[in-house]
Amino acid sequence: MSSDTIFGKIIRREIPADIVYEDDLCLAFRDVNPQAPTHILVVPKEHLESAQAMGPEQRELVGHLVYVANQVAAKDGIAERGYRLVFNVGVDGGLTVPHLHLHVIGGRPLTWPPG
Ligand code: AMP
């Protein structure tokens, strides 16, 4: 089941998004406020609040999100130079939309550590 968050609305096509990939388990779309030339969110259709909420039954799903993230990165042409995959968790982790999502960020050199 999808959620009442903004991402649930995108999954149900109640609001628009720039969708780059979809399958039975997830959707990938461009972040509306991109932090780099490529900034895509990979979002499971099933609602989980964050990576912290995953149980053993979601291990395959979360692996699938990483697999899809690598596919969309390759399709955007950033696989060779590299990119960053990020799950924000909780308040200190910077989670703002409580529906699990994997950020795919790249297309420019990224600094580390994060702020
Ligand atoms: P997080 O801080 O990890 O919860 O990330 C949420 C991300 O969702 C942010 O990078 C936002 O820019 C992005 N976002 C919020 N609303 C939308 C939207 N309607 N379409 C695409 N991305 C969005």
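Each value in this text was obtained by applying a stated rule to the coordinates, not by laboratory testing. All values derive from a computational prediction rather than experimental measurement.
Quick one: Cα convex hull volume of the chain, Å³ per residue?
About 107 Å³ per residue, rounded to a whole number.
Given only helices, namely DSSP H runs of n ≥ 4 each adding -39500 (n - 2.57), what is the per-residue ellipticity at 222 nm of the chain, to the nearest 500 deg cm²/dmol?
Computed mean residue ellipticity for the chain: -6500 deg cm²/dmol.
Give the angle, between 0 and 90 degrees and rounded to the nearest 10, that separates the Cα long axis of helix 59-75 from the longest principal axis of the Cα atoms of the chain.
40
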